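Here the structure comes first, spelled out in structure tokens, and everything after it is commentary.
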Amino acid sequence: MQRLRASKARWHRSAIGGGTWGAALALLVTVALQAAGAAGSAGTTALPTLTTIQKVRSLKPDQAMRRYPVRVKAVVTYFDPVAPDMFLQDASGAVWVKWSPGLPKPSIGSVVELEGVTTFSDFAPDIGNPRWTVVGRAPMPAPKRVTYEQMASTSEDSQWVEVEGIVRQAEYLHRSGNERVLWMDLAIAGGRIDLAIPWDGTPTPTRLVDARIRVNGVCGAEFSAKDQLVGVQLYVPSLDNISILEPAEPYPFNEPTTPVGRLQRYGFHSSIGHRVKLAGQVTASLPGQGFYMADDSGSLYVASRQGIALSPGDRIETLGFIGLADSHVRLEDAVTRKTGDGPEPPAKSITVEQAMSGEYDSELVALRGSVVGAGSFRRNETLLVQQKQAVFSISLPPTMKELPAEGSLVEASGICVNDVDALGRVNAVRLVARSPRDLKVLRTPSWLTARYAANVVGLLAAAIAVVMAWVLVLRRRVSYQTRVISQKLEQEENLKKAAEMASRAKSEFVANMSHEIRTPMNAILGFTDLLLGTPIDNDQEDYLKTIQFSSQALLRILNDILDFEKIEAGGLRLESAPFSIRNCAEIALQVIEPEAARKGLAISLRVEKGVPDAVRGDPHRLHQVLLNLLGNALKFTERGSIVLTVGLRERTASDAEFQFTVADTGIGIPPEAQNRIFESFQQVDGSTTRKYGGTGLGLAICTRLVHLFSGAIWVESEVGAGSKFRFTAWFHLDNRSEGPPFEKESGTREDSSATCLLSSG
Ligand code: ADP
């Protein structure tokens with residue numbers, strides 16, 4: 001079918017005539033035409049009429065396109081309305097005529113007087129717009145005996161020629177509708193040509209296959225879509241133009257069988273030999289293309305379009321022509337018949353080295369190796385397999401779903417195909433597997449392949465690089481942060497030193513100032529006392545008492561500030577003197593007694609059982625704490641009682657921890673203020689100062705003093721029900737003597753206590 005694609009013979013003008021006679025004639029015609037052209041340009045447009053086919057064929061393309069009138073007398077050598085193809089030949093040459101449906105159909109052998117114009121379709125001059133009258137009949141021109149080379153050179157295009165050869169195939173091919181053409185493949189000396197014969201309605205002349213024939217027809221050529229010459233074609237008007245020189249064997253399958261091995265031993269195989277008969281077993285079937293077969297003497301490929309269903313193991317007889325393709329001897333255009341079934345033939349296990357010897361070409365073999373690669377080629381998956389140092393490929397059928405992984409050890413059976421160079425040397429080995437069953441995976445690859453290891457190492461290296469980079473970045477950040485932190489610490493240290501210096505300076509200033517103020521204050525108080533002892537009237541006494549009250553309040557504040565600053569600055573050292581706990585508590589109570597009596601409050605002291613009395617420590621500071629708490633109790637209690645309790649919490653051989661509680665029935669302290677009041681300058685709320693006076697320093701001083709006693713201070717209170725201030729204090733037990741009873745020291749603290757009581761009043 002493919003071979004009939006080109007419907008018309010075309011060729012190169014330079015090839016026309018083929019000889020010196022033709023060239024001389026062409027020159028003459030060209031000169032005549034140029035003369036005619038010159039005449040036309042001088043005033044007449046008439047082109048000379050061409051009266052021989054040779055004149056038409058001699059035109060150059062642009063000349064042919066000028067539509068020279070043509071009038072020739074010639075015989076019709078070929079007509080096929082389907083292509084459509086019409087050829088004429090006269091004594092000077094032959095030409096293709098552009099016939100189109102609507103024109104009468106000429107009959108072959110008619111002599112016509114044909115008129116038309118020159119034209120140039122494709123690349124040869126032709127005759128277009130044909131009109132003709134049949135003037136008689138003539139025998140066909142004497143055919144020219146031509147060789148394959150002459151035909152292939154296109155020098156005989158459109159000529160009535162004669163060739164001899166052996167028919168390889170004959171078959172009717174459908175073209176359009178009912179139109180068919182008998183196509184024959186003819187092997188002639190030097191090559192193969194196609195015969196195209198319009199259908200005469202008879203059955204396929206299969207008797208012609210393998211017959212040696214002589215045939216007459218119009219020589220043409222086949223062109224590809226790119227106008228490249230792809231074959232030689234002979235347009236044969238009818239089967240009558242074929243004469244059988246040697247008929248084919250009437251019963252070819254009865255002929256003796258040729259051993260396969262003998263075919264393969266031929267060095268050169270003529271393409272015009274007759275068919276041979278082979279018999280053997282199918283080793284592989286390639287549906288639509290052919291099959292591989294083997295007999296005892298060898299194996300080979302049988303190309304066939306017959307479409308017979310065969311499977312490995314089938315016993316067959318086949319008739320075909322010996323051919324060569326890629327340096328491989330094969331049987332072509334084969335007709336095969338199945339003569340029996342058989343078990344699938346075993347594949348011979350060989351090495352790649354053996355396969356490379358060429359000895360196993362086309363044989364069913366088995367090869368082993370490990371997979372080194374895979375790819376796809378012409379829809380077939382191809383595996384690259386390595387056996388020792390040699391590599392071979394396996395063509396897998398398209399039905400193969402999953403390919404073995406790289407590194408797998410596989411055994412494949414199939415047809416061994418040697419890739420052979422022009423000198424017959426084997427370049428490569430390809431194994432054609434027939435079905436997925438032909439590939440067996442013997443061992444899957446170890447997970448630790450070189451590639452895997454390389455990948456892992458690569459990944460590790462990348463990870464290490466990233467980590468290193470990260471560590472580097474971190475180190476930089478850390479050293480930067482360390483620098484920043486040490487700078488800040490340095491700054492803070494400087495600030496702290498500065499703050500401490502400022503604080504010390506402030507404390508010194510405050511202490512100095514307080515001291516400086518206290519001296520004149522004492523003078524004011526002293527002289528006020530003296531003045532109160534002189535005769536004065538009532539108003540004057542009132543004024544003096546106000547002065548005395550205000551001065552005492554001021555002095556108390558000064559004393560508090562001085563104490564606080566002294567403790568804060570770490571300048572307060574506790575003394576260690578023997579004293580009585582009970583005595584110290586009693587004295588504190590005595591101080592508030594007058595004011596309590598005035599307010600109608602009951603005061604009492606409770607010393608729990610087992611509380612040791614003789615201790616060694618600082619009685620004045622204990623007195624100060626007790627007096628502060630009792631003073632506050634007195635200040636914030638309007639009715640009820642104030643009770644001072646002394647208890648023992650813990651005792652060792654040398655020391656004891658005492659717990660003192662000052663309980664009142666006063667206004668109480670809200671829970672949210674209970675912690676805050678122990679801080680300096682903190683009171684329950686802003687109204688306290690207005691109503692009760694005070695600086696908010698008393699409890700802060702108590703807290704610090706209690707800490708010096710290694711104790712703690714806290715409050716339990718309920719608003720409206722009263723408060724219990726408790727603190728603990730460690731003192732050395734003084735077992736040697738009871739020591740001197742504690743007496744109130746005349747000095748700042750006593751003054752401050754007294755002032756406190758006075759201010760409450
Ligand atoms: P000051 O009494 O000079 O204001 P303190 O530090 O001694 O300073 O007391 C702080 C505050 O604690 C007082 O202002 C008062 O609001 C509250 N407070 C102290 N003791 C009592 C108490 N026994 N009852 C009620 N409130 C008290």
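The values are calculated or read from the model by the stated rules, or taken from the named source; none is laboratory data. These numbers come from a predicted model, not from an experiment. A quick note on method: Cβ atoms are made from the backbone with ideal geometry, for glycine too, and the neighbour counts reach across all protein chains shown.
Please specify each residue of segment 608-639 satisfying the condition of being touching an Asp or Glu at 6+ places or on another chain (Cβ under 6 Å) and part of a loop (DSSP other than H, G, I, E, B).
ASP618, THR637
Residues being at pLDDT 90 or above, surrounded by fewer than 21 Cβ atoms within 10 Å (Cβ to Cβ) and more than 14 Å from VAL56 (Cα to Cα): count how many of those fall in segment 107-128.
So the answer is 6.
Within segment 656-667, does at least one residue satisfy the condition of being part of a strand (DSSP E or B), away from the ligand (no atom under 12 Å from the Cβ) and acidic (Asp, Glu)?
Within segment 656-667, one or more residues are part of a strand (DSSP E or B), away from the ligand (no atom under 12 Å from the Cβ) and acidic (Asp, Glu).
Return yes or no: is GLN659 more than 20 Å from ASP560 (Cα to Cα), surrounded by 17 or more Cβ atoms within 10 Å (Cβ to Cβ) and either in contact (Cβ under 8 Å) with a residue 24 or more places away in the chain or under 60 Å from the mean Cα position of the chain (by Cα) (or both)?
It is true that GLN659 is more than 20 Å from ASP560 (Cα to Cα), surrounded by 17 or more Cβ atoms within 10 Å (Cβ to Cβ) and either in contact (Cβ under 8 Å) with a residue 24 or more places away in the chain or under 60 Å from the mean Cα position of the chain (by Cα) (or both).
Just to verify a result, which residue in segment 158-204, among those that are of a type in the set (S, T, N, Q) and not in a strand (DSSP E or B), is nearest to ALA334 (Cα to Cα)?
Of everything passing the filter in segment 158-204, THR204 is nearest to ALA334 (Cα to Cα).
Of LEU708, LEU699, LEU634, LEU629, which residue is within 26 Å of ALA553 (Cβ to Cβ), in contact (Cβ under 8 Å) with a residue 60 or more places away in the chain and in contact with a Lys or Arg (Cβ under 8 Å, 6 or more places away or on another chain)?
So the residue among LEU708, LEU699, LEU634, LEU629 that is within 26 Å of ALA553 (Cβ to Cβ), in contact (Cβ under 8 Å) with a residue 60 or more places away in the chain and in contact with a Lys or Arg (Cβ under 8 Å, 6 or more places away or on another chain) is LEU634.
Would you pick out the residues in segment 419-439 that are within 41 Å of the chain's Cα centre (by Cα) and assigned to a strand (DSSP E or B)?
Residues satisfying the conditions are ASP419, ASN427, ALA428, VAL429, ARG430, LEU431, VAL432, LEU439.
From the residues in segment 731-748 that are at pLDDT below 95 and within 29 Å of THR637 (Cβ to Cβ), which one is nearest to the ligand (Cβ to nearest atom)?
Looking at the filtered set, the residue picked out is THR748.
Given the condition in a helix (DSSP H, G or I), at pLDDT below 95 and not charged (D, E, K, R), answer yes or no: does some residue in segment 443-450 qualify?
Scanning segment 443-450 turns up at least one residue that is in a helix (DSSP H, G or I), at pLDDT below 95 and not charged (D, E, K, R).
Rundown of residues vs (1) in contact with a Leu (Cβ under 7 Å, 6 or more places away or on another chain); (2) modelled with pLDDT of 90 or more; (3) surrounded by 18 or more Cβ atoms within 10 Å (Cβ to Cβ), yes/no style:
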position: MET513; (1), (2), (3): no, no, no
position: ILE517; (1), (2), (3): yes, no, no
position: ILE524; (1), (2), (3): no, no, no
position: LEU562; (1), (2), (3): no, no, yes
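Looking at LEU558, LEU554, LEU562, which is the one that is within 16 Å of the ligand (Cβ to nearest atom), in a helix (DSSP H, G or I), under 30 Å from ALA499 (Cα atoms) and without any contact (Cβ under 8 Å) to a residue 40 or more places away in the chain?
After applying the criteria, what remains is LEU554.
In the set GLU638, GLU672, which member is charged (D, E, K, R), surrounded by fewer than 19 Cβ atoms within 10 Å (Cβ to Cβ) and away from the ligand (no atom under 12 Å from the Cβ)?
On the way: GLU638 fails: away from the ligand (no atom under 12 Å from the Cβ).
Answer to the selection: GLU672.
Of SER503, SER393, which residue is at pLDDT 90 or above and among the hydroxyl-bearing types (Ser, Thr, Tyr)?
Answer to the selection: SER393.
Where residues in segment 593-609 are buried (at least 16 other Cβ atoms within 10 Å of the Cβ) and either among the aromatic types (Phe, Trp, Tyr) or closer than 25 Å to ARG649 by Cβ (or both), which of them is nearest to the ligand (Cβ to nearest atom)?
ILE603
Just checking, which of ASP314, ASP361 is crowded, with 21+ Cβ neighbours inside 10 Å, touching an Asp or Glu at 6+ places or on another chain (Cβ under 7 Å) and closer than 19 Å to ALA433 by Cβ?
Answer to the check: ASP314.
From ALA94, ALA74, which residue is surrounded by 17 or more Cβ atoms within 10 Å (Cβ to Cβ), farther than 25 Å from GLN228 by Cα and touching a strand residue (DSSP E or B) at 6+ places or on another chain (Cβ under 7 Å)?
Only one candidate qualifies: ALA74.
Select from segment 396-425 the residues that are of a type in the set (S, T, N, Q) and buried (at least 21 other Cβ atoms within 10 Å of the Cβ) and write down the one among them that is farthest from GLY373 (Cα to Cα).
ASN418
Name the residues in segment 666-705 that are touching a Ser or Thr at 6+ places or on another chain (Cβ under 7 Å) and among the β-branched types (Val, Ile, Thr), would you?
Scanning segment 666-705 gives a single hit, ILE669.
Conditions first: (1) modelled with pLDDT of 90 or more; (2) in a loop (DSSP other than H, G, I, E, B). VAL218 passes all but one, so which condition is the exception?
For VAL218, the exception is condition (2).
Given the conditions (1) more than 20 Å from ASP560 (Cβ to Cβ); (2) more than 9 Å from the ligand (Cβ to nearest atom), report the number of the one that LEU627 does not fulfil.
Among (1) more than 20 Å from ASP560 (Cβ to Cβ); (2) more than 9 Å from the ligand (Cβ to nearest atom), the lone unmet condition for LEU627 is (1).
Exactly one condition in (1) over 23 Å from PRO346 (Cβ atoms); (2) at pLDDT below 90; (3) of a type outside the set (Val, Ile, Thr) is not met by SER435; state its number.
Every condition holds for SER435 apart from (1).
Search segment 682-730 for residues being in a helix (DSSP H, G or I), within 7 Å of the ligand (Cβ to nearest atom) and in contact with a helix residue (DSSP H, G or I) (Cβ under 6 Å, 6 or more places away or on another chain), and hand back the single one that is modelled with the highest pLDDT.
LEU699
Filter segment 222-260 for residues that are in contact with a Gly (Cβ under 7 Å, 6 or more places away or on another chain), over 16 Å from VAL167 (Cβ atoms) and part of a strand (DSSP E or B) and give the result.
Hits for segment 222-260 are GLU222, TYR235.
When the residues of segment 321-346 are narrowed to those that are more than 17 Å from GLN289 (Cβ to Cβ), of a type in the set (D, E, K, R) and in a loop (DSSP other than H, G, I, E, B), which ends up nearest to the chain's Cα centre (by Cα)?
The extreme case among them is GLU344.
Could you check how many residues of segment 269-311 are of a type outside the set (Gly, Ala, Ser), within 19 Å of VAL432 (Cα to Cα) and surrounded by 20 or more Cβ atoms within 10 Å (Cβ to Cβ)?
10
Among the candidates GLU500, GLU492, single out the residue that is within 60 Å of the chain's Cα centre (by Cα) and either under 30 Å from LEU554 (Cα atoms) or surrounded by 11 or more Cβ atoms within 10 Å (Cβ to Cβ) (or both).
Values: GLU500 fails: within 60 Å of the chain's Cα centre (by Cα).
Only one candidate qualifies: GLU492.
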